[in-house]
Amino acid sequence: MRDALARGVDWLLARQTPEGWWTAELETNVTMTAEHVLLYRFLGLDLDPIRDGAVAHLLHGRRADGSWALYYDGPADLSTTIEAYAALKVLGADPSSEAMRHTLGVILRLGGAAEARVFTKIWLALFGEYPWDGIPSLPPELIYLPPQIPFNLYDFACWARGTVAPLTIVVSRRPVRELGVDLGEIVLEQTRAATHRVPGTGPLWWLDRALKLYDRLPWQPLRARARRAVADWVVQRQEADGSWGGIQPPWVYSLIALDLEGYGPDTPVMRKGIEGFGRFVLDGDDRGWRFQACMSPVWDTAWAVRSLAAAGLDRSHPALQRAVRWMLREQIPADAPGDWRVKAAGVANGGWAFEFDNDAYPDIDDTTIVVLALLEGGDRAAVADAVERACAWTLAMRSSNGAWAAFDRDNTRSLLYRMPFADFGALIDPPTEDVTAHVLEMLVALGCGARDPYVARGLQYLRGAQKPWGSWYGRWGVNHVYGTWCVLSALGALGVERDLVDRAVAWLVSVQNRDGGWGEIPRSYADESFAGVGPSAPSQTAWAVLAFQAAGMAQHPAVRRGIAFLRERQRPDGTWDEPEFTGTGFPGDFYINYHLYRHLFPVMALAGDRGAEPRR
């Protein structure tokens, strides 16, 4: 039998594009497709080209009880189910069918539209299916608040900022357009009065009441000018591929807002935005037509290079050379604009973004992993300038507590979570354990030791963030298994903090499944008693194995069982199956199944196994 590592390497090499990059589907829940259907209806676009495929995708995700979930095998999610139900009706599904009646039953059992999240209520309100009185106010005058004042746009994380800005136009204009179907049945009769009120208590609830009084005034001296200023802000941030932020929420709300401000479908910004959808669409298989929330070519390519380098490919290998050249071309120009400059003025850009065209929002996590990939897979002299720029930018983005967030520096104003609007998703971008650990791992690769002041402060942060039972929280991967692997990779590279390492390894041993693998379900974000609890998944098993390897314990019995799990479950074609969602968008609300995770990290784990034969 051919070696599992060799098969994994061959599978990966066969999927590199001629340009040098890798990427695969970024699978999320069905709201991306459902909201796309509603967007088409709002903008008056033709649904016929996507109708059959979108129906197929929505039905593919529906469970036996008629519900949809946020992640594989998760509990029924009310808002996701409402949006899928609405989209199916728009697409022509028979509401009297048994399946649709089951779905309606789930919606009503969970409280109906009155209990949905704010974003779902906004989609319904756009078509008169929910009263605008029940939507929290978002005044466009926020555009004038300076960064020092709470609730200014730059208090929000970049993904939330790009969404909130256009929504200030949408919510203040309160549009109502024809949906073509009636959704009145999703509101429980006893909750109809409640739909006209914004739920919440406390001073910010009263602020919403005051804003609604202002919304009704016949004279609003700043409103028209504020809307124009927001529209200008939005237009300035459109990416080269037509998106906003490279992600779905800012994209769809920006198009709606600009449409409301008089930008017709033939204006360059609208035409570019609509035409850009094609790049994010997947179709042609049994899962139907679907819209990806974003794309991850830079992230995927960097990890592919690291995996292949770990597997023993020489730097001269054509696949690594193509990938390194592509990554170097993707580094963002030093003078490129970006919102991160509000808190880091005068700093030259040196980062990478997650997507193909997302120059306005480089992120520290991608940048650190790209640097490690360049160092491991490229010629040091050839990548030196790019690495130096990246390191300087990363250090400048450190937050005041000595740690690093993903996109911004000191984006920590948690007061935002007291807004009535704040019932879904992460609104701020505070420093996290996983990103900080990746920065330290990069600094070690560049020759820094534990006494380096940046490393020392980062270690201090990680020391204080370890959970009592030994794990670390994972912001961008599910969850404690991911965070623990990230931190142990940094501590192992540094060769320090053995007491922290031993506690983490003991925790990993304690949560290993009987089949030899590791797994963790997203429920651990809401309930930490589920840390490390879940069915074994190839990517999470690999993270645990890699954590042991980083700790210098590659021959631990738990590792041997983990390696056996990966070998036994490898498919004949060299890859693995993984329906589980092991990536994180917004903890508690939005999860991702990166279709390359199931392959990249098992290959790395097999490569790190002492018994694996390197391939050259």
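Just one of (1) over 16 Å from Tyr72 (Cβ atoms); (2) in contact (Cβ under 8 Å) with a residue 40 or more places away in the chain; (3) surrounded by fewer than 19 Cβ atoms within 10 Å (Cβ to Cβ) trips up His595, so point out which.
Condition (1) is where His595 drops out.
For the stretch 163-183, does any single residue satisfy the condition of being more than 25 Å from Tyr130 (Cβ to Cβ), aliphatic (A, V, I, L, M) and not assigned by TED's automatic domain parsing to the domain that holds Pro337? Write out each step before concluding.
First pass over the stretch 163-183, keeping only residues more than 25 Å from Tyr130 (Cβ to Cβ): none.
Taking every residue of the stretch 163-183 in turn, none turns out to be more than 25 Å from Tyr130 (Cβ to Cβ), aliphatic (A, V, I, L, M) and not assigned by TED's automatic domain parsing to the domain that holds Pro337.
In the stretch 536-551, what residues are touching a residue at least 60 places away in the same chain (Cβ under 8 Å) and in a loop (DSSP other than H, G, I, E, B)?
Ala537, Ala551
Any residue that is closer than 20 Å to Glu355 by Cα, of a type in the set (Asp, Glu) and surrounded by 19 or more Cβ atoms within 10 Å (Cβ to Cβ) - is there at least one of those in the stretch 268-279?
Within the stretch 268-279, none of the residues are closer than 20 Å to Glu355 by Cα, of a type in the set (Asp, Glu) and surrounded by 19 or more Cβ atoms within 10 Å (Cβ to Cβ).
Looking at the stretch 177-188, can you tell me whether even one residue there is small (Gly, Ala, Ser), surrounded by 18 or more Cβ atoms within 10 Å (Cβ to Cβ) and not in a helix (DSSP H, G or I)? Spell out how you get there, then give the answer.
The initial filter retains those residues of the stretch 177-188 that are small (Gly, Ala, Ser), namely 180, 184.
So of that shortlist, the ones also surrounded by 18 or more Cβ atoms within 10 Å (Cβ to Cβ) come out as none.
So far as the stretch 177-188 goes, no, none of its residues is small (Gly, Ala, Ser), surrounded by 18 or more Cβ atoms within 10 Å (Cβ to Cβ) and not in a helix (DSSP H, G or I).
Here is a list: Gly112, Gly44, Gly8. Which entry is on the phi > 0 side of the Ramachandran plot and crowded, with 21+ Cβ neighbours inside 10 Å?
Result of the check over Gly112, Gly44, Gly8: Gly112.
Show the residue pairs that are 6+ apart or on different chains and have beta-carbon atoms under 6 Å apart, the first residue being within the stretch 166-186 and farther than 30 Å from Pro218 by Cβ, the second being outside any helix (DSSP H, G or I).
Partner pairs satisfying both residue conditions: Leu183/Glu129; Ile186/Gly112.
Can you tell me which residues in the stretch 488-515 are in contact with a helix residue (DSSP H, G or I) (Cβ under 6 Å, 6 or more places away or on another chain) and buried (at least 20 other Cβ atoms within 10 Å of the Cβ)?
Leu488, Ser489, Ala490, Leu491, Gly492, Glu497, Val501, Ala504, Leu508, Gln512
Among the numbered criteria (1) surrounded by 24 or more Cβ atoms within 10 Å (Cβ to Cβ); (2) within 30 Å of Gln248 (Cα to Cα), which one does Asp589 miss?
Among (1) surrounded by 24 or more Cβ atoms within 10 Å (Cβ to Cβ); (2) within 30 Å of Gln248 (Cα to Cα), Asp589 violates only (1).
Given the conditions (1) touching a Gly at 6+ places or on another chain (Cβ under 6 Å); (2) assigned by TED's automatic domain parsing to the domain that holds Trp299, and given that Ala450 satisfies all but one, which numbered condition is not satisfied?
Failed condition: (1).
Looking only at the stretch 400-429, which residues are surrounded by fewer than 20 Cβ atoms within 10 Å (Cβ to Cβ) and within 26 Å of Ala348 (Cα to Cα)?
Ser400, Asn401, Gly402, Asp410, Thr412, Arg413, Ile428
Limited to the stretch 503-512, what total is found for residues that are more than 30 Å from Phe354 (Cα to Cα) and part of a helix (DSSP H, G or I)?
Number satisfying all stated conditions: 6.
Restricting attention to the stretch 397-440, report how many residues are touching a Gly at 6+ places or on another chain (Cβ under 9 Å) and closer than 17 Å to Leu459 by Cα.
The total comes to 13.
Only one of Leu217, Leu213, Leu179 is more than 22 Å from Leu427 (Cβ to Cβ), of a type in the set (A, V, I, L, M, F, W, C) and modelled with pLDDT of 95 or more; which?
On inspection, the qualifying residue turns out to be Leu179.
Looking at Ala554 and the list (1) of a type in the set (A, V, I, L, M, F, W, C); (2) crowded, with 19+ Cβ neighbours inside 10 Å; (3) part of a loop (DSSP other than H, G, I, E, B), which single condition is not satisfied?
(2)
Keeping to the stretch 238-266, report how many residues are in contact with a strand residue (DSSP E or B) (Cβ under 8 Å, 6 or more places away or on another chain) and under 16 Å from Thr33 (Cα atoms).
Our first condition is that a residue be in contact with a strand residue (DSSP E or B) (Cβ under 8 Å, 6 or more places away or on another chain); within the stretch 238-266, this holds for 238, 244, 248, 250-251, 254.
Checking the rest, the ones that are also under 16 Å from Thr33 (Cα atoms) come to 248, 250-251.
Qualifying residue count, the stretch 238-266: 3.
Is there a residue in the stretch 406-418 that is in contact with a Pro (Cβ under 6 Å, 6 or more places away or on another chain) and closer than 20 Å to Lys343 by Cα?
Looking for residues that are in contact with a Pro (Cβ under 6 Å, 6 or more places away or on another chain) and closer than 20 Å to Lys343 by Cα, one finds at least one in the stretch 406-418, hence yes.
Cβ contacts < 8 Å: first residue more than 19 Å from Pro535 (Cβ to Cβ), restricted to the stretch 64-76; second residue buried (at least 18 other Cβ atoms within 10 Å of the Cβ) and of a type in the set (Lys, Arg), any location; separation 6+ or different chain. Result?
Correct list of pairs: Trp68/Arg62.
Could you list, in sequence order, the residues of the stretch 12-47 that are under 12 Å from Asp300 (Cα atoms) and in contact (Cβ under 8 Å) with a residue 24 or more places away in the chain?
Scanning the stretch 12-47 gives Leu12, Gln16, Gly20, Trp21, Trp22, Thr23, Ala24, Glu25, Leu26.
For Gly574, indicate whether it is closer than 19 Å to Tyr473 by Cβ, surrounded by fewer than 24 Cβ atoms within 10 Å (Cβ to Cβ) and among the small types (Gly, Ala, Ser).
no
Could you please find all residues in the stretch 366-398 being assigned to a helix (DSSP H, G or I), out of contact with any Asp or Glu (no Cβ under 8 Å at 6 or more places or on another chain) and not aliphatic (A, V, I, L, M)?
Correct list: Asp366, Thr367, Glu376, Gly377, Arg380, Asp385, Glu388, Arg389, Cys391, Trp393, Thr394.
Take the residues in the stretch 399-411 that are in contact (Cβ under 8 Å) with a residue 60 or more places away in the chain and in a loop (DSSP other than H, G, I, E, B), then tell me which one is nearest to Val435 (Cα to Cα).
Looking only at the stretch 399-411, we keep the residues that are in contact (Cβ under 8 Å) with a residue 60 or more places away in the chain, and these are 401, 406-411.
Next cut, in a loop (DSSP other than H, G, I, E, B) only: 401, 406-410.
Details: Asn401: 14, Ala406: 6, Phe407: 10, Asp408: 12, Arg409: 12, Asp410: 14 Å.
By that ranking, first place goes to Ala406.
Yes/no matrix, rows are residues, columns are (1) of a type in the set (Lys, Arg); (2) more than 30 Å from Gly262 (Cβ to Cβ):
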{"residue": "Met32", "(1), (2)": "no, no"}
{"residue": "Leu59", "(1), (2)": "no, yes"}
{"residue": "Arg63", "(1), (2)": "yes, yes"}
{"residue": "Glu83", "(1), (2)": "no, no"}
{"residue": "Leu110", "(1), (2)": "no, yes"}
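The values are calculated or read from the model by the stated rules, or taken from the named source; none is laboratory data. All figures in this text were calculated on a predicted structure; none of them were measured in a lab. Backbone-built Cβ (ideal geometry, glycine too); neighbour counts: all protein chains shown.
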